[in-house]
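Here is the structure we will look at, set down as structure tokens.
Taken together, the values in this text are just the output of simple stated rules run on the coordinates, not laboratory data. What you see is a predicted model; the values in this text were computed from it and never measured. Positions of Cβ are backbone-derived with ideal geometry, glycine not excepted, and every protein chain shown enters the neighbour counts.
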Amino acid sequence: MGKKSSVSILCFILISFSPIFVSAQTCDEAAGTFKPNSPYDKNRRLLNSTLASNVTAHAGYFNGSIGVGLDRVYALGMCAPGAEPQACSYCIQESSDSLLNTCLNQTDGFVWSGDEFLCLVRYSSKSLYGVLALEPITPFHNVMGIRKENQEEFDSVWDGLVLRMITRVSSSARNSSSTSSLSLSGKYYAKDVAPVPVYGNILVLMQCTPDISSKDCSLCLETSVDYYKKLYHGKRGVIMLRPSCFFRWELYNFSGAFDHINDPPALSNSPSVPNLTDITKKDKNVSRGVIAAIVVVIVVIIVLIYVGMFMFKRRKKKQDIQLSTESVQFGFKTIEAATSNFSEVNKLGAGGFGEVYKGILMNGTEVAVKRLSKTAGQGEREFKNEVVVVAKLQHRNLVRLLGFSLQGEEKLLVYEFVPNKSLDYFLFDASKRVQLDWTMRHNIIGGISRGILYLHQDSRLKIIHRDLKASNILLDADMNPKIADFGTARIFGMNQTVDNTSRVVGTFGYMPPEYVIHGQFSMKSDVYSFGVMILEIISGKKNSSFRQIDGLVNNLVTYVWRLWVNKLLPDLIDPGIKEDCNIDEVIRHIHIGLLCVQENPADRPTMSTIHQMLTTSSITLPVPLPPGFFFGNRPGTTTSSQGLDPSQSSSKSYTCSVDEATITDVNPR
């Protein structure tokens with residue numbers, strides 16, 4: 001009997017203090033199947049890669065599709081109201097990935113997931129919008145039951161609470177004064193608590209997808225309640241997962257949604273009864289002993305953690321460079337062996353602060369090793385910055401840092417290997433550029449925008465890259481873009497919008513005027529660089545290739561602006577894609593590019609707005625103003641953006657490159 005009591009107490013502690021994570025991937029076996037690597041499969045994976053960014057860009061709810069005919073895939077993503085963009089993005093991405101890994105060849109599937117808050121991911125071969133889906137259903141229930149002597153009183157409270165909840169959820173849309181996307185994720189959403197004798201409180205959470213009608217929402221929830229009453233009546237909690245609605249109730253706080261709810265006082269003076277059997281008086285001494293033992297164990301663990309942290313800090317202080325604990329430290333000999341002693345055969349190229357080599361670790365993993373130059377003036381600073389920044393970033397459109405190595409003067413960064421080199425390798429080579437059709441270029445532009453949006457808004461940090469250019473965009477095996485080279489990145493405070501520096505770093509042609517002239521940078525600096533890349537990707541021409549046209553000093557943004565003024569934007573489009581692209585769609589992208597490179601940073605849209613412009617064709621685009629570094633019509637004349645005032649520029653040092661890998665220090669006149 002004493003052993004059972006010990007187990008019961010330990011279970012109670014786990015139930016009471018551990019977050020209960022809900023995640024169940026449901027594949028609809030009756031809906032149909034598809035073949036791996038088929039057009040449907042590729043569209044599904046493509047939609048999966050963009051879903052998280054689309055959900056966060058559309059205020060927590062997105063319903064869209066990709067493809068045509070039988071290969072068209074529909075998807076829906078939704079986060080519960082109040083979810084932070086970063087947390088929402090993470091939940092959607094994790095849920096979406098797990099769903100694809102579970103439903104390997106089923107055309108339809110869905111998953112409700114989350115602990116602090118809920119998120120839903122659903123995909124189908126049929127349109128999801130406005131269609132009530134009650135099947136398939138995935139139920140879970142607590143194995144413990146309500147005592148028979150308490151059942152009638154308990155049911156009276158439970159029935160009243162659930163009925164009020166269904167009425168409130170299904171009527172919330174009619175009571176809402178707005179139907180904008182800002183309110184869609186919370187359109188059919190409610191949570192509530194009711195006190196019940198003996199058991200403390202009943203906590204209930206309900207949500208429907210916002211695309212269905214209030215009547216259908218009510219039907220979906222009522223069906224789930226009836227299902228519970230028929231099969232699990234008397235159990236101490238249930239979870240009902242359907243494609244169109246979510247229903248859960250428990251006798252404990254199971255979600256962060258209830259953290260700020262003022263719990264009503266319990267109707268009984270006795271403490272809440274856990275999901276356990278009674279403990280007899282005979283076991284009281286045993287119970288006290290177990291509790292005392294648990295307390296001792298907890299104290300010992302806290303002491304060990306404290307000692308460990310103290311030892312770690314001491315060792316950390318001995319290092320010349322503070323490094324993030326979120327990355328793996330490799331031995332120098334391990335990396336030396338992986339790269340065949342940094343063989344020239346394995347050399348992939350040279351970056352701003354060192355050389356890059358391909359390597360193969362002992363477990364067969366292919367990696368890219370960035371070996372910091374021992375003579376690089378800013379090498380140590382760049383190394384520290386890149387480790388600290390990139391180790392905290394996890395996004396499919398950012399190159400992933402696997403670890404680092406630090407031994408004496410040798411400083412190595414170990415990245416995932418991206419096989420298709422960089423964007424400039426294809427884009428600015430006439431023989432290779434033909435491999436980039438419009439669909440691929442459109443995907444690359446979209447992927448870069450999602451990566452920058454993650455840096456600016458959705459990651460744990462607000463990061464300004466400061467050196468976005470085609471050579472810093474790597475392409476994986478499926479030609480998906482990954483932003484690389486974070487050596488010059490800066491971390492902003494969450495409420496910070498702008499910063500200044502006396503050391504301007506970056507690449508001429510991609511840097512905005514306020515940064516080059518005044519050393520002022522912000523998220524809008526990355527927006528300017530992104531705009532230049534859009535124009536390069538569409539034209540297939542390098543920004544620095546525009547030297548003189550008709551005897552005038554020129555650049556890409558000047559050339560495009562003149563085409564805009566003369567209504568000749570189609571002339572910018574690379575002839576290699578002109579025949580097989582939607583001209584109106586490409587011109588819209590050029591228009592967005594011009595909005596990004598406007599001279600005044602306040603006129604440039606945010607990455608969130610840009611992403612919506614790129615993904616939602618119904619959004620009307622504003623008329624762009626002249627770009628930064630626009631060269632006038634007469635030789636030697638420029639707008640104010642070219643006027644480098646000596647009094648403003650002489651105190652700044654410039655570490656820049658002109659579309660090349662080498663770094664040059666220049667002093668502007």
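Some notes on this structure:
- In this simple spin-label model, placing a label point 7 Å from the Cα along the Cα-to-Cβ direction at both Y425 and V498 gives a separation of 3.9 nm.
- Around the amide H of A24, modelled in the peptide plane, lie the amide H atoms of W112, all under 5 Å away and 5 or more residues distant in sequence or on another chain.
- Sequence ranges 82-89, 25-32, 239-246, 71-78, ranked by mean other-Cβ count within 10 angstrom, highest first: 239-246, 71-78, 82-89, 25-32
- Relative contact order, whole percent, for region 140-258 stands at 31, derived from Cα pairs under 8 Å and 6 or more residues apart.
- Length added when fully stretched, A337-K229, from 0.36 nm per residue minus Cα-Cα: 32.5 nm
- When Rg and the Kirkwood Rh are both derived from Cα coordinates, the Rg/Rh ratio for region 140-258 amounts to 0.98.
- Spin-label model distance (nm) - L70 vs N150, 7 Å beyond Cα toward Cβ: 5.7 nm
- Potential lengthening of the chain between I302 and L134 amounts to 55.7 nm, from the contour at 0.36 nm per residue minus the alpha-carbon distance.
- Each principal axis of the Cα atoms in region 18-129 has its own extent, and those three values, largest first, are 40, 28, 22 angstrom.
- Normalised by the number of residues in region 458-586, the mean separation of alpha-carbon contacts (under 8 Å, six or more apart) gives a relative contact order of 20 percent.
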